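The values are calculated or read from the model by the stated rules, or taken from the named source; none is laboratory data. Worth saying up front: this structure is predicted, and the values here are computed from it rather than measured. Here Cβ is always computed from backbone atoms with ideal geometry, including for glycine, and neighbour counts include all displayed protein chains.
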Amino acid sequence: MPDISKLLSKTEKKLYLQALAFVLNMNKKDESAIKEYLHMQAEEIGVSETTLNQVKTNLTEDKLIKELAKIANIQSKRFILREMILLAIADHEVKDEEIETLHRIGKAMGIVEAKINDFFIWAAQGLEWQLQGIKLVEEDL
């Protein structure tokens, strides 16, 4: 199965990084942590340092939606939203307002409500799976 992030166009990769920065800002991460994470993601998907320096890390929701509207491919849109949701719950906490924001962004991208809900369920199941794995290692200690 191909790595979808590698199939994104240069513009889509940049928008992907901007979307991740938006989520990190939603979670109130410090600027150095955001830069470090984006640098790691840029390397993983093959984004040059020059392109990474063009990534806007402080977009508002409305500006991000406007930027993401440039993406025509629905699979690219779904991939970006899925990764945004996954990143939002990575710290094991997601606030109602963050869920609502991600729903609005998904809808504005043309992703149907059922698919957005599927992404949240998928992410929650992954989190549950990780926690069960920890429990298996640590139980009976």
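Quick notes
- Note on the stretch 27-47: residues that are of a type in the set (Ser, Thr, Tyr) and at pLDDT 90 or above total 1.
- Residues of the stretch 96-125 that turn out to be touching a Leu at 6+ places or on another chain (Cβ under 9 Å), in a helix (DSSP H, G or I), buried (at least 18 other Cβ atoms within 10 Å of the Cβ) and not small (Gly, Ala, Ser), as a count: 5
Every residue, every condition in (1) touching a Lys or Arg at 6+ places or on another chain (Cβ under 9 Å); (2) in a helix (DSSP H, G or I), yes or no:
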residue	(1), (2)
29	no, no
55	yes, no
75	no, yes
79	no, yes
84	no, yes
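- The condition of being more than 15 Å from residue 64 (Cβ to Cβ), of a type in the set (Asp, Glu) and outside any helix (DSSP H, G or I) holds for only one of 93, 128, that being 93.
- Of the listed requirements (1) hydroxyl-bearing (Ser, Thr, Tyr); (2) surrounded by 17 or more Cβ atoms within 10 Å (Cβ to Cβ); (3) farther than 16 Å from residue 109 by Cα, residue 76 misses just one: (3).
- Among residues that are under 15 Å from the mean Cα position of the chain (by Cα) and without any contact (Cβ under 8 Å) to a residue 40 or more places away in the chain, residue 89 is included.
- Of all residues in the stretch 31-53, those that are surrounded by 16 or more Cβ atoms within 10 Å (Cβ to Cβ), in contact (Cβ under 8 Å) with a residue 24 or more places away in the chain and in a helix (DSSP H, G or I) total 4.
- Complete set of residues in the stretch 1-26 that are farther than 13 Å from residue 57 by Cα and either modelled with pLDDT under 90 or crowded, with 18+ Cβ neighbours inside 10 Å (or both): 1, 2, 3, 4, 5, 6, 7, 8, 12, 13
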